[in-house]
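Chemist: This is the structure I have questions about; it appears just below.
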Amino acid sequence: MKTIMKRFTLLIFLLLPILLISQVSIKGNVTDKSQAIAWANVVLTDSNEHIVTGGITDDNGKFNLKTESGTYRLTISFIGYTAFEKEIILKGDLDLGSIELKADNTLDAIVITHQKKLIEQKPDRIIFNVENNINTIGGDALDALRIAPGLRIQNNSINLLGKGESRVMINGRLLQLSGEDLTSYLNTISANDIKKIEVITSPPAKYEAAGNGGLINIILKKGQLNSWKNTISIANNINTFNFLTLRNSLLYNKGRLSLTFNANGTKGNSRNIEDFQVYYPNSIWDININSKDKEDHLSTQLLLDYDISKHTTIGIQYLGNTKTPNLVDESISKIFNQSNQLDSLLINNGNNHVKVNSHSINLHTYTKLDSLGKSVSLDFDYFIYNSDQNRNFITNSFSPNNDLLGINAAANTFSNQNIENFSAKTDIEHPIKFINLSYGAKISTIKNSSDIQFFNAITDSLVLDTNISNTFKYEETNQAIYVSGLKKINEKWDVQLGLRFENTKTKGYSVELNETNTNTYTKLFPSFYASYKKNENNNFSISYGKRIERPRFRDLNPFRVVISSNTFSIGNPFLRPSFVDNFEFKHTYKNKFTTHAFLSIRNDGSSIIFTSDVENSTQIVTRSNFFKQYIYGFGESFILNKITWWQSQNSMNLIGSKTEFTENIGAQPQNGIMFSANSSNTITLNSSTKLQIDASYDSPFKAGLFSMGKTYSIDLGISKQFLNKDLQVAVLVKDIFNTSSLNNLESTVNGIKQTYGQNDNNRFIRLSAKYSFGNKKIKENRRNFGNEEETRRAN
């Protein structure tokens, strides 16, 4: 018997290579037109309807089955879709390419229980599935960005950790706003309307070359075919003050028409605290600023697509916003002498009356030319932005005993800014046998007009100060073409090469100075990406991209913006764009562990400079191109999901900075290394109740002109579903220990040290509820705005 078993075992080993060689593979990619379908069932049956082999699609919708040559029936199915069936004859390896499943219109309401990962790592981007984090319930787009992986929001700037300021897109169209105007606009978009956020660390040539910190793409939800859904939500943010937000979202998709309409309104106030210390040779100024910021705004969003034929879709996207971000502020400046004794007080009281309106309209068309993937799309965009502001302030001088000594300064300032942008672009997908080509072109024009009238108000009548009042006009034209090629060399290697050509002409004119500044520059922006799939568990990628960081309109404006009697800011019309070279390496293991390393080299960098007029004890904020900077980093992110009721997404990073000053600004560069960590944890208490615990930590850091203090945060949220999960109630406690705010931002210029900190309503409690009715099937909308770079620079 033993002899027979040995012979049988030997025979199996001899035949095994032959059996393996005779096997063939069948693979494909399952989608629903707009996105990949994960976890779809894929089954091969023989002529007797017996299952031969099968499996499920991965997170990218891909499958790969192995069997012997023969005739089979392939069946692909997923809840909510009509099954795909096809008879196939296998004689060798077969790649079916993209297989599109059609929505099952006979099903009115399907609840998909499979939940995507909170964070997905892709070779060129990180995907944050907003709907899976309960801490965003009742919040806005800015709240969602605050907890997105690798992003930091401080002082009205959205930054990719270690790389600098990022540009923000809505459905692929970059907003023509930056700074405070950008964050203010993001407050008007409900986090409930966001499907996911893509943090694109290595944008290909198709995208705008602007943004050294990569691109952030906010993808909004869209209704499933032959379905509708309406969601109404209310949220109350409680801090020193509170503000109430009411939102309504309608998704409708029937036949050839797809419609999304959102309306949002907010009423109330928030609190902002700033502290500022200036160390003069003979005195120390300790300044504390408290402001009450008005949060009143209304916004609407309309997304409409219509299929005029089987192959062509036309559409419109409109984003509108009106806001009155008025504020009342008080700053107390304590002035200490050389003996550290209180010498005097300056108390400044100010009022800002502001009205902001913006409208962005996109018209687009998409045509599928054939079944091989050829397509052409056209986008026409128009953007208009208007801001009117009236600020008045009075500064009174007091003795150490709070005795009024007199009026130090008083003024009334009227200013406005008008931005108008038009752009047109086309994108063509043209796959050929050798390579998948894409190419396109864009033209964009911008007109910006700003003026300020400064009136001294010390006396009973207002007196125009012509030395500060001014009108500034700016025009810019940008022309761009690009070509990109993606080549799949074999089963393991993919390579993509891209080249973008941009020609830019600018003209700035100061009426008061009677001075015109023009600039013309033509640049090539190459990009490179390669990925290597060693096996099922290990994926490697490398990428390179050249980027440009153009100055904001306000930074180019030579206005003197007076904040108080001893503080003002002034722009620089001679600012030049900065150019950045980005290199990145990434390794992913089992789709759970991701290791990445990067190097960013910034040339002719510009930044704000805090300077001082010692004689008049005045703080001045200026801008200049003055440095070259190397930012490098190494990080690890990983997923813990072995326990069914606990999902944990974590990351740790080391970021280093090396800066060289190219101009003498009276300061020494700051260089150092920062440690950053983040953890997001979702705990399922039962089928209707979830607990969210998020934590982050950034160590002290030195980079460029500044050093800054450590920050950390712990957020706690809980959500409960009622009425068959149509009603969801949530409570969020944000920044429990009030430790996430910008602090100890320090610089020393010409021997004068200045330290700054800001707490912009960081700690609060949010009570929220949302109710949905209609069909619950959701897919994402991927249309793109064409004016992808201009809006972010408006400020």
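The values are calculated or read from the model by the stated rules, or taken from the named source; none is laboratory data. Computed from a predicted structure; not experimentally measured. Note that each Cβ is placed from the backbone with ideal geometry, even for glycine, and that neighbours are counted across all protein chains shown.
Chemist: Tally time: how many residues in segment 461-517 are small (G, A, S), farther than 25 Å from S450 by Cβ and in a strand (DSSP E or B)?
Modeler: 4
Chemist: To continue, here is another question. Got at least one residue in segment 713-727 being in a strand (DSSP E or B), within 18 Å of G150 (Cα to Cα), out of contact with any Leu (no Cβ under 6 Å at 6 or more places or on another chain) and of a type outside the set (A, V, I, L, M, F, W, C)? Walk me through how you get there before you give the answer.
Modeler: Filtering segment 713-727 down to residues in a strand (DSSP E or B) leaves 713-722, 727.
Next, from what is left, pick out any that are within 18 Å of G150 (Cα to Cα): 713-715.
Next, from what is left, pick out any that are out of contact with any Leu (no Cβ under 6 Å at 6 or more places or on another chain): 713-715.
Adding the requirement that they be of a type outside the set (A, V, I, L, M, F, W, C) leaves 713, 715.
Checked segment 713-727: at least one residue is in a strand (DSSP E or B), within 18 Å of G150 (Cα to Cα), out of contact with any Leu (no Cβ under 6 Å at 6 or more places or on another chain) and of a type outside the set (A, V, I, L, M, F, W, C).
Chemist: Among what's in segment 57-90 and is acidic (D, E) and in a strand (DSSP E or B), pick the residue that is nearest to I119 (Cα to Cα).
Modeler: Filtering segment 57-90 for residues that are acidic (D, E) and in a strand (DSSP E or B), the one nearest to I119 (Cα to Cα) comes out as E85.
For (1) in contact with a Gly (Cβ under 6 Å, 6 or more places away or on another chain); (2) surrounded by 16 or more Cβ atoms within 10 Å (Cβ to Cβ), each residue gets a yes or a no:
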| site | (1), (2) |
| --- | --- |
| S270 | no, yes |
| F276 | no, yes |
| W285 | no, yes |
| E295 | yes, yes |
| D305 | yes, yes |
| K310 | no, no |
| N321 | no, yes |
| Q338 | no, no |
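Chemist: Test of understanding: among I609, I655, I639, which residue is within 19 Å of V749 (Cα to Cα) and either part of a strand (DSSP E or B) or not assigned by TED's automatic domain parsing to the domain that holds L524 (or both)?
Modeler: Sole residue among the options that is within 19 Å of V749 (Cα to Cα) and either part of a strand (DSSP E or B) or not assigned by TED's automatic domain parsing to the domain that holds L524 (or both): I609.
Chemist: Sticking with this structure for a sec: If I filter segment 210-220 for residues that are part of a loop (DSSP other than H, G, I, E, B) and assigned by TED's automatic domain parsing to the domain that holds N436, do I get at least one hit?
Modeler: no
Chemist: Please determine whether any residue of segment 454-467 is within 29 Å of the chain's Cα centre (by Cα) and crowded, with 17+ Cβ neighbours inside 10 Å.
Modeler: no
Chemist: Is it the case, given these coordinates, that K586 is modelled with pLDDT of 90 or more and among the charged types (D, E, K, R)?
Modeler: Spelling it out, K586 is indeed modelled with pLDDT of 90 or more and among the charged types (D, E, K, R).
Chemist: Going through segment 466-493 one residue at a time, which ones are at pLDDT below 90 and of a type in the set (D, E)?
Modeler: Passing the criteria: only E491.
Chemist: Something else: Go through L346, L372 for me and flag whichever is in contact with a Pro (Cβ under 7 Å, 6 or more places away or on another chain) and either closer than 30 Å to K433 by Cβ or crowded, with 18+ Cβ neighbours inside 10 Å (or both). Working first, answer last.
Modeler: Values: L346 fails: in contact with a Pro (Cβ under 7 Å, 6 or more places away or on another chain).
The unique qualifying residue is L372.
Chemist: Conditions first: (1) farther than 19 Å from F634 by Cβ; (2) surrounded by fewer than 18 Cβ atoms within 10 Å (Cβ to Cβ). Q692 passes all but one, so which condition is the exception?
Modeler: (2)
Chemist: Only one of V483, V511, V495 is assigned by TED's automatic domain parsing to the domain that holds P558 and closer than 17 Å to N572 by Cα. Can you tell me which?
Modeler: V511
Chemist: Conditions: (1) in contact (Cβ under 8 Å) with a residue 40 or more places away in the chain; (2) closer than 16 Å to L142 by Cα; (3) in the same structural domain as T426 (by TED's automatic domain parsing). G265 meets all but one. Number of the miss?
Modeler: Single failed check for G265: (1).
Chemist: For segment 505-539, how many residues are aromatic (F, W, Y) and either at pLDDT below 90 or under 27 Å from the mean Cα position of the chain (by Cα) (or both)?
Modeler: So the count comes out to 4.
Chemist: Taking the criterion of being crowded, with 16+ Cβ neighbours inside 10 Å, more than 25 Å from the chain's Cα centre (by Cα) and over 18 Å from G571 (Cβ atoms), would at least one residue in segment 444-453 satisfy it?
Modeler: Scanning segment 444-453 turns up no residue that is crowded, with 16+ Cβ neighbours inside 10 Å, more than 25 Å from the chain's Cα centre (by Cα) and over 18 Å from G571 (Cβ atoms).
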